[in-house]
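The values are calculated or read from the model by the stated rules, or taken from the named source; none is laboratory data. Small disclaimer: the values here were computed from a predicted structure and weren't measured. Cβ sites come from the backbone with ideal geometry, for glycine too, and all protein chains shown count toward neighbours.
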Amino acid sequence: MNEAWIRALVALPFGLGVGSFMTVAVHRLPRGESVVQPRSRCPSCGAEIGARDNFPVLSWLLLRGRCRRCGARISVEYPLVELATAGLVVLAAIRYPNPWQAVLVGGLLALMPGIALIDLRHRIIPNRLMYPSLVLFPVLIVLARFIGEAADPVRAGIGLLLYGGILFVVAAVSGGMGMGDVKLAALIGLVFGSLGLRFVGAAAAGAIALGGLGGLVALAMGRGRKSAIPFGPYLAAGAVVAGLWGEEIASWYIGRFL
Ligand SMILES: [Zn+2]
């Protein structure tokens, strides 16, 4: 078997595990509830969801999207968030042969579908995801530097200040952007900066291009600027673009314009 496929197989259970956590986060964090306790319950009948019915994606398929006890529909959003999260972790593992870099990029991308969904729905990016991440990823980057020689903490710091700083200025000037966006950009800048600042550039370019496209679509559909969708999902999409195609985008850009 090809090495990339072995990496994908190793990454898959982690991706599904994080995906399962993120579905819980999507539903509980905006309400201020704990992501640890209590166990998940059916929103209709209150039945606790047992371990065998709580397996990512598969349980939903086996139960055909219904509660085992009362038969109430379980939103397709649960398996979709799990699938998207796991898919990004697996793609990162395929893309980055270095395990440290795969963990850094996979870990960051795993947060993106859930964060985008929470921001779309509630217009917030929960601090309870951002603060632990802004502690955990620097630790990972330092470990990656000194054990794996696979990350650059100084560039990570520059990336954080650059991307976070730009968003901070935009937020201060426009007022249309929140501190959640600033923290998310800082985190994205931190992780991609540790791989090389060209990845931060690719993430920013992706966010701006997709954001512009989204704005045009919203205008074309007759939605005013006031109802424009939040910028967090574009930051998240830009991170996905940079994580999966950052190297290609950077070399294309540098070859063409510099
Ligand atoms: Zn039920």
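A residue that is within 16 Å of the ligand (Cβ to nearest atom) and in contact (Cβ under 8 Å) with a residue 12 or more places away in the chain occurs nowhere in segment 3-16.
Sort out which residues of segment 64-73 are surrounded by fewer than 14 Cβ atoms within 10 Å (Cβ to Cβ) and within 17 Å of Leu83 (Cα to Cα), and write them in order of number. Working first, answer last.
Taking segment 64-73 and keeping what is surrounded by fewer than 14 Cβ atoms within 10 Å (Cβ to Cβ), we get 64, 70-73.
Residue satisfying the conditions is Arg64 alone.
Take the conditions (1) under 13 Å from the mean Cα position of the chain (by Cα); (2) buried (at least 22 other Cβ atoms within 10 Å of the Cβ); (3) farther than 26 Å from Trp252 by Cα; Leu108 misses just one of them, which is (3). Scanning segment 17-64 for residues that are in contact (Cβ under 8 Å) with a residue 60 or more places away in the chain, part of a helix (DSSP H, G or I) and under 21 Å from Leu88 (Cβ atoms) yields Val18, Gly19, Ser20, Met22, Thr23, Ala25, Val26, Leu29. The residues listed here are Ala203, Ala242, Ala250, Ala237; of these, the one that is of a type outside the set (Asp, Glu), in a helix (DSSP H, G or I), touching a Gly at 6+ places or on another chain (Cβ under 7 Å) and at pLDDT below 90 is Ala250.
Entry remark, segment 30-77: residues being under 26 Å from the mean Cα position of the chain (by Cα) and more than 14 Å from the ligand (Cβ to nearest atom) number 17 in total.
Only one of these is touching a Lys or Arg at 6+ places or on another chain (Cβ under 8 Å), of a type in the set (A, V, I, L, M, F, W, C) and more than 15 Å from the ligand (Cβ to nearest atom): Ile94, Ile115. Name it. Please lay out each step first, then the result.
On the way: Ile115 fails: touching a Lys or Arg at 6+ places or on another chain (Cβ under 8 Å).
Just one listed residue meets the conditions, Ile94.
Return yes or no: is Ile188 at pLDDT below 85 and within 27 Å of Tyr131 (Cβ to Cβ)? Even if it seems obvious, please write down each step before you answer.
Numbers: at pLDDT below 85: no; within 27 Å of Tyr131 (Cβ to Cβ): yes.
Answer is no for this residue.
Note on segment 105-154: residues that are in a helix (DSSP H, G or I) and touching a Ser or Thr at 6+ places or on another chain (Cβ under 6 Å) total 3.
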